[in-house]
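The values are calculated or read from the model by the stated rules, or taken from the named source; none is laboratory data. Since this is a predicted model, take the numbers as computed values, not measurements. With ideal geometry, Cβ positions are generated from the backbone for all residues, glycine too; neighbour counts draw on all protein chains shown.
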């Protein structure tokens, strides 16, 4: 189920992006990936959806800009592939039993 949801979100991110934040953390679904940003600067609580004109991105990224200030970007295909692999392994284990 998780894999199906992630695989559905992936192409949707080609057309739109959305984000939310509050405190010092913000999250954004964009370009086929999840971006999580932590900052010492206060992020006002917000939620938004907007059009996306950039292409999908397939590689993870990690940036550290200073103490307590970082950004992690994970392509949605990575957790989807992990969920599919876990489901297949569980299925194979049940078949052997």
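Brief remarks on what is shown
- Identity of the residue in segment 47-68, in a loop (DSSP other than H, G, I, E, B) and in contact with a strand residue (DSSP E or B) (Cβ under 7 Å, 6 or more places away or on another chain), that ends up modelled with the highest pLDDT: 60
- Residue count for segment 71-97 under the criterion of being in a helix (DSSP H, G or I) and either surrounded by 13 or more Cβ atoms within 10 Å (Cβ to Cβ) or at positive phi (or both): the result is 9.
- Within segment 12-27, if we keep just the residues that are without any contact (Cβ under 8 Å) to a residue 60 or more places away in the chain and not in a strand (DSSP E or B), the residue that is surrounded by the fewest Cβ atoms within 10 Å (Cβ to Cβ) turns out to be 15.
- Candidates 51, 68 - the one that is on the phi > 0 side of the Ramachandran plot, loosely packed, with under 14 Cβ neighbours inside 10 Å and in contact (Cβ under 8 Å) with a residue 24 or more places away in the chain: 68
- Among the residues of segment 28-46, those identified as surrounded by 14 or more Cβ atoms within 10 Å (Cβ to Cβ) and not in a loop (DSSP other than H, G, I, E, B) are 28, 29, 30, 33, 34, 35, 36, 37, 38, 39, 43.
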